[in-house]
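The values are calculated or read from the model by the stated rules, or taken from the named source; none is laboratory data. Because the structure is predicted, anything quoted here is derived from the model rather than measured. Every residue, glycine as well, gets a Cβ built from its backbone with ideal geometry; the counts of neighbours run over all protein chains shown.
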Amino acid sequence: MKIVCVGAGPAGLYFAISAKLRDPGHQITVLERDPPTATYGWGVVYWDDLLVTLYRNDPDSAREMKARSVLWQDQEVRVHGLRGEQTAYFGGYGYSMGRAALLEILARRASDLGVDVRYGHPLEDPSALPEADLVVAADGANSRIRQLHREDFGTRVDVGHNPYIWLGTDKTFDSFVFAFEQTSAGWLWFHAYPSFEGTSTCIVECSPKTWQALGLDTLSTDEGVRLLEDIFQRPLDGHRLISKSRGAPANWQRFAHLSNETWYRGNTVLVGDAAHTTHFTLGSGTRLAMIDAIVLAHSLNEYPDVPKALHEYDTHRRAELEPVQAKARQSMAWFEDLDRYLDQDAISFAYSMSMRQGARPPWHQQIHRATQIPAVRRARRAYDTGRRWYFNRQWDTAKSHAVAKDHETTESDVINGRTGIG
């Protein structure tokens, strides 16, 4: 099959890898508008469930991802306001890595498998794409291919209220940190996690009222970043914020929640952010994009008839995403209504944060309060160490079960989590 994939992000490259592994006879071309050294954004975050899935799909690239990832443990909620500074804790751990490193790994793996990855190919006219049996639109939330047929896809975009800016910092965090700072103009907060050696990702968010009152709507990028450094001097320990990623300065944005009534039209199919977006407070964008890629490749392998394969991919994967996107909308709405919760102490506030995606079991609050005890956190870290050991054993097993054996797995297995997708 001749396949043209537009976009060399995680969705596009990992689809090319997954499809080639299942059928080396595919002729796959990936077209990327930017040069190979360009990437926008800092780090991506993920958990064990994704690593298990990636090891079962392609152990080679999964092994490289794991080797270049950073482990972070615990989540801290730091609140600094009129009550002084207070900290609450969530348990758990995860992994993060630089987006540039991820794309480098995936591009090299795709090329090794015979995928033709072409950089510096902007898509000025989607109708001028090379002739292909299948066109995979992996060109992000602003997909030109999707916009050309917006009505056919049934595209809907809901823009959030809060401005946010995606920055880096030379402060090295070893946990996932939420820091809330009160100013005379209102509250600002950031979400931060380690990305690669010496650098962390730092996403700053606030209400429109606070943004305007501080003048962040009129300040230059450099002036705004310096102001944010002053505001967050305490949680950053005096470290600097970094605006430019690979030369491109960061800009304030409002999150665009994107959904589509269908993910395919004719022989064109959407994957990743071209098909759906989830708010960054859910932390699942890269994970969902790579799972899209696996499910689409699996569906094409299961159903040689392309229309049937795209129908199956669209029906099952889109249904799987609906509750995820609903949780992401709830999470976004909670942060847009933050003021109603910040009159609580940090532990109660953090508990409210943990409930933002829906009700939890009655014992959840007791677990949360127990997590504030240092001895309990140490015990949980020991448990997590054992959990990682368990998953490492799974990954070792996965190395001997490459994608050729995965042909026995049904598409519903992939979607419903029986291949490790949580």
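Some points to look at:
- Options G81, G114; residue that is at positive phi, surrounded by fewer than 17 Cβ atoms within 10 Å (Cβ to Cβ), more than 23 Å from the chain's Cα centre (by Cα) and in contact (Cβ under 8 Å) with a residue 12 or more places away in the chain: G114
- Condition check for A319: at pLDDT 90 or above, exposed (fewer than 14 other Cβ atoms within 10 Å of the Cβ) and in a helix (DSSP H, G or I): yes
- The range 244-276 - residue that is polar (S, T, N, Q) and within 23 Å of L134 (Cα to Cα) and, of those, nearest to the chain's Cα centre (by Cα): S259
- Wholly within the range 1-90, strands (runs of 3 or more DSSP E) carrying at least 1 residues that are under 24 Å from Y303 (Cα atoms): 2-6, 27-31
- When R156 is tested against (1) assigned to a strand (DSSP E or B); (2) within 30 Å of E76 (Cα to Cα); (3) not polar (S, T, N, Q), just one condition goes unmet, and that condition is (2).
- Subset of the range 255-278 (residues that are surrounded by 20 or more Cβ atoms within 10 Å (Cβ to Cβ), hydroxyl-bearing (S, T, Y), assigned to a loop (DSSP other than H, G, I, E, B) and in contact (Cβ under 8 Å) with a residue 60 or more places away in the chain): T277
- Residue match in the range 376-388 (condition: hydroxyl-bearing (S, T, Y), assigned to a helix (DSSP H, G or I) and either over 22 Å from the mean Cα position of the chain (by Cα) or at pLDDT 65 or above (or both)): yes
- Any hit, the range 297-307, residues being in contact with a Phe, Trp or Tyr (Cβ under 8 Å, 6 or more places away or on another chain), of a type in the set (S, T, Y) and closer than 30 Å to W187 by Cα: no
- Extreme residue, surrounded by the most Cβ atoms within 10 Å (Cβ to Cβ), among residues of the range 288-309 that are over 23 Å from Y55 (Cα atoms) and free of Cβ contacts under 8 Å to residues at least 60 places away in the same chain: A309
- Residue within the range 145-156 that is surrounded by fewer than 18 Cβ atoms within 10 Å (Cβ to Cβ), of a type in the set (K, R) and at pLDDT 95 or above present: yes
- Subset of the range 322-354 (residues that are aliphatic (A, V, I, L, M) and part of a loop (DSSP other than H, G, I, E, B)): L342
- Pairs where the first residue, in the range 313-329, is more than 13 Å from E261 (Cα to Cα) and the second is aromatic (F, W, Y), C-beta under 8 Å, 6+ apart: Y313/W263; Y313/Y264
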